Amino acid sequence: MNKKDIEALSEKLKRCREIPLDEVNPDDVDEITDIKIDKRKSSNERILDFLNKVKNPYIFKVKGKLVRIRFSDTDKTADDCLTNVLKNLYR
């Protein structure tokens, strides 16, 4: 990824994080099981792949149910949390 791609991804994350759940159209949300990530990639590459493929990485569907993820104010970074989620989903 080049600097421009990283800046665009950063803007996407900021924009998506602030969207209220009641303003989300469920038809526009990705079903998590439909998102295919190459397990042979490094964890950083898998995270980037996921973030680029989904419309909103903070809101997705699991078996048709809307799920929103948020991160508490701790020492863990968003990368740590997303890595953990992806590792558990794509074992």
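All conditions but one from (1) touching a Cys at 6+ places or on another chain (Cβ under 9 Å); (2) part of a helix (DSSP H, G or I); (3) not charged (D, E, K, R) apply to CYS81; the one that does not is (1). Being exposed (fewer than 10 other Cβ atoms within 10 Å of the Cβ), of a type in the set (Asp, Glu), free of Cβ contacts under 8 Å to residues at least 24 places away in the same chain and in a loop (DSSP other than H, G, I, E, B) is a description that does not apply to ASP22.
Taking each residue of the range 46-60 that is surrounded by fewer than 20 Cβ atoms within 10 Å (Cβ to Cβ) and looking for partners that are modelled with pLDDT of 95 or more and aromatic (Phe, Trp, Tyr) with beta-carbon atoms closer than 6 Å, six or more apart or interchain, yields nothing.
The values are calculated or read from the model by the stated rules, or taken from the named source; none is laboratory data. It should be emphasised that the depicted structure is a prediction, and the values quoted were computed from it without experimental measurement. When we count neighbours, we look across all protein chains shown, and the Cβ atoms used for this are built from the backbone with ideal geometry, even at glycine.
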